[in-house]
1. Efficiency by 1/(1 + (r/R0)^6): what FRET value for residue 150 and residue 16, r their Cβ-Cβ distance, R0 = 45 Å, to the nearest 0.05?
2. If I take all pairs of Cα atoms in segment 124-173, what percentage of them are more than 14 Å from each other?
3. With θ set to phi - 60°, apply the Karplus curve 6.51 cos²θ - 1.76 cosθ + 1.60 along segment 127-143 and write out the HN-Hα couplings as whole Hz, x wherever there is a Gly or Pro.
4. What full-extension length gain, to one decimal in nm, is calculated for residue 47 and residue 99 as 0.36 nm per residue of separation minus the Cα-Cα distance?
5. Dipole of segment 96-179 (Lys/Arg Cβ +1, Asp/Glu Cβ -1, origin at the Cα centre): which of 113, 162, 102 lies farthest to the positive side?
6. Can you pull the Kirkwood radius for segment 96-179, inverse mean 1/r over Cα pairs, to one decimal in Å?
7. If packing is taken as the average count of other Cβ atoms within 10 Å, what order do 12-19, 111-118 fall into, highest mean first?
8. Give me 126, 99 sorted ascending by neighbouring Cβ count inside 10 Å, so fewest comes first.
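Laboratory data are not the source of any read-out in this text; all were calculated from the coordinates shown. This one's a predicted model, so the numbers in the text were calculated from it and none came from an experiment. Cβ placement follows ideal geometry from the backbone for every residue including glycine, while neighbour counts extend to all protein chains displayed.
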Amino acid sequence: MKKPIIVICGLVLCFVLGWLGALTVSASNVAPGGPDDPVVSKSYVDARFSQLSALIQQVQAGQTASGAQAPAVDADALAAQIISQVQSQIGTGGYAPVELAAGQVLIGHEGAQIILRSGKAAAYSEVADGLSNITNGADMKNGAALSANNLLIVPRYDKRGVKAVSGRVWVLVNGGYDIQ
């Protein structure tokens, strides 16, 4: 009686292991950033970073991709422009921790999500309306004290955000932002 049960368990185990092996093989053949893997992976970012580094080194050396002499380029200005473009797209990958010192203001871009994690902070707005507090269902006007772990959404890119009131303030931000 026990022999058929052992045979059935063995067959089920073989089937499961074969299925898991097939999944592992098919997952390892996916090109990062391709149509089968639309989420940007670390390997994709590393590959793009290597390409960009090589291009910057060529520009600094005064050469183009074809080997011809390139016009003089300010490498610092080029790096600042690239960093600015990358920072404007930050937030599509999730929440980023940001530290603010007392008096600093984090201005969120349209649709940015902000969560106060620690410290004392207040809503900041140069317009009549404020931040949308999704947790409480309230409109946080300029100067209103913020509670920790409440989800705030910046409805428009018109100088709305969070101001650090005292000490170190940690927030999580999803979306574009500027610090003043």
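1. Numbers: r = 44 Å, r/R0 = 0.98.
In this case the efficiency is close to 0.50.
2. Numbers: 578 of 1225 pairs.
In whole percent, the long-distance tail amounts to 47.
3. In residue order, the calculated couplings are 10, 5, 7, x, 8, 8, 8, 6, 5, 9, x, 10, 9, 8, 6, 4, x Hz.
4. On the way: separation 52, 0.36 × 52 = 18.72 nm, distance 2.92 nm.
Extending this stretch completely gives an extra 15.8 nm.
5. Looking along the dipole axis, the top candidate is 102.
6. Working: mean 1/r = 0.0838 Å⁻¹.
Result for segment 96-179 stands at 11.9 Å.
7. Values: 12-19: 10.0, 111-118: 18.6.
By packing density, highest mean first, the sequence is 111-118, 12-19.
8. Values: 126 11, 99 14.
With the sparsest Cβ surroundings first, the list reads 126, 99.
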